[in-house]
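Right, one structure below, let's go through it.
The values are calculated or read from the model by the stated rules, or taken from the named source; none is laboratory data. If you're wondering where the values come from, they're calculated on a predicted model, not measured in any experiment. Cβ: placed from backbone, ideal geometry, glycine included. Neighbour counts: every protein chain shown. To get the accessible areas, we keep the full protein, side chains included, count just its heavy atoms, and leave off ligands, DNA and RNA. Shrake-Rupley method; radii C 1.70, N 1.55, O 1.52, S 1.80 Å.
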Amino acid sequence: MQPLCHYRDADLYFHHSIDRHPEETAFPMHLHEQLEIYCYMAGEASYLVEGTEYALTPGSLLIMRPAESHKVRILSDVPYERYALHFSPVWLDGIDPDRLLLEPFYAHPLGQNNLYAPADFPAGMHLTLLQAMCAPAASEAERRLTILTHLYPLLEAIRRASSVTTEDFRHFEEEKS
């Protein structure tokens with residue numbers, strides 16, 4: 001993996017990466033304790049989330065909640081490019097105590113409704129926001145700030161693109177209790 005842009009701290013991990021000669025074995029099934037936003041840019045691949053396989057086109061975006069197993073399936077050795085952003089749901093509690101920005105991540109059964117097509121976002125907004133996260137930064141603190149200031153509108157764009165409603169989310173939260 002060649003990171004084109006990269007940032008990591010205790011509660012945030014972001015990268016824009018390319019694998020020039022991807023191999024299927026380099027991408028095992030896995031899960032995280034954090035939320036993940038994944039955006040496919042190039043290659044020949046599909047994505048598997050909890051047994052559901054999603055066909056990918058450039059600009060496809062997937063979301064996964066904590067403990068939702070997933071993996072990319074590499075279909076050829078064509079260069080594979082993507083963005084990935086991992087962050088803790090707790091991180092948003094101070095600014096979004098009702099967790100409205102997280103509705104799309106939680107208010108669906110595991111492995112369902114994870115995929116968003118490029119057409120779900122007006123004028124490629126999601127790509128613009130992800131690309132902006134890689135803007136030159138003078139320091140790690142500036143890189144973190146750039147990522148975070150673009151994460152909020154990205155989460156809102158995902159929420160608007162989602163078919164999940166606040167009532168769906170509340171029902172899901174009540175079932176968990």
### Message
Every residue in the stretch 110-133 that is part of a loop (DSSP other than H, G, I, E, B), within 14 Å of the chain's Cα centre (by Cα) and polar (S, T, N, Q), please.
### Response
Asn113, Asn114
## Note on the structure
Flagged in the stretch 113-134 as open to solvent by less than 40 Å² (accessible area, probe 1.4 Å) and farther than 19 Å from Tyr47 by Cα, in numbering order, are Phe121, Gly124, Leu129, Leu130, Ala132, Met133, Cys134
### Task
Within the stretch 1-45, track down each residue that is under 14 Å from the mean Cα position of the chain (by Cα) and among the hydrophobic types (A, V, I, L, M, F, W, C).
Leu12, Phe14, Leu31, Leu35, Ile37, Cys39, Met41
### Query
Which of (1) within 20 Å of Ser163 (Cα to Cα); (2) at pLDDT 95 or above does Leu129 not meet, given it meets every other one?
(1)
### Task
Name the single residue, out of those in the stretch 52-69 being assigned to a strand (DSSP E or B) and of a type outside the set (Val, Ile, Thr), that is surrounded by the fewest Cβ atoms within 10 Å (Cβ to Cβ).
Ala55
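Out of Pro79, Pro89, report the one residue that is open to solvent by less than 40 Å² (accessible area, probe 1.4 Å) and either modelled with pLDDT of 95 or more or within 15 Å of the chain's Cα centre (by Cα) (or both). Quick ask: steps written out before the conclusion?
On the way: Pro79 fails: open to solvent by less than 40 Å² (accessible area, probe 1.4 Å).
Answer to the selection: Pro89.
Out of all the residues in the stretch 50-59, is one or more over 26 Å from Leu101 (Cα atoms) and modelled with pLDDT of 95 or more? Full working, then the answer.
Step one: list which residues in the stretch 50-59 are over 26 Å from Leu101 (Cα atoms), which gives none.
For the stretch 50-59, residues over 26 Å from Leu101 (Cα atoms) and modelled with pLDDT of 95 or more: absent.
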### Query
Residues of the stretch 95-109 being part of a loop (DSSP other than H, G, I, E, B), aliphatic (A, V, I, L, M) and either touching a Phe, Trp or Tyr at 6+ places or on another chain (Cβ under 6 Å) or open to solvent by less than 30 Å² (accessible area, probe 1.4 Å) (or both), which ones?
Ala107
### Task
Just name the residue that is nearest to Phe121 (Cα to Cα) out of those in the stretch 3-46 that are open to solvent by 40 Å² or more (accessible area, probe 1.4 Å), assigned to a strand (DSSP E or B) and charged (D, E, K, R).
Arg8
### Query
Could we say that Glu142 is loosely packed, with under 15 Cβ neighbours inside 10 Å, within 15 Å of Tyr13 (Cα to Cα) and at pLDDT below 95 here?
no
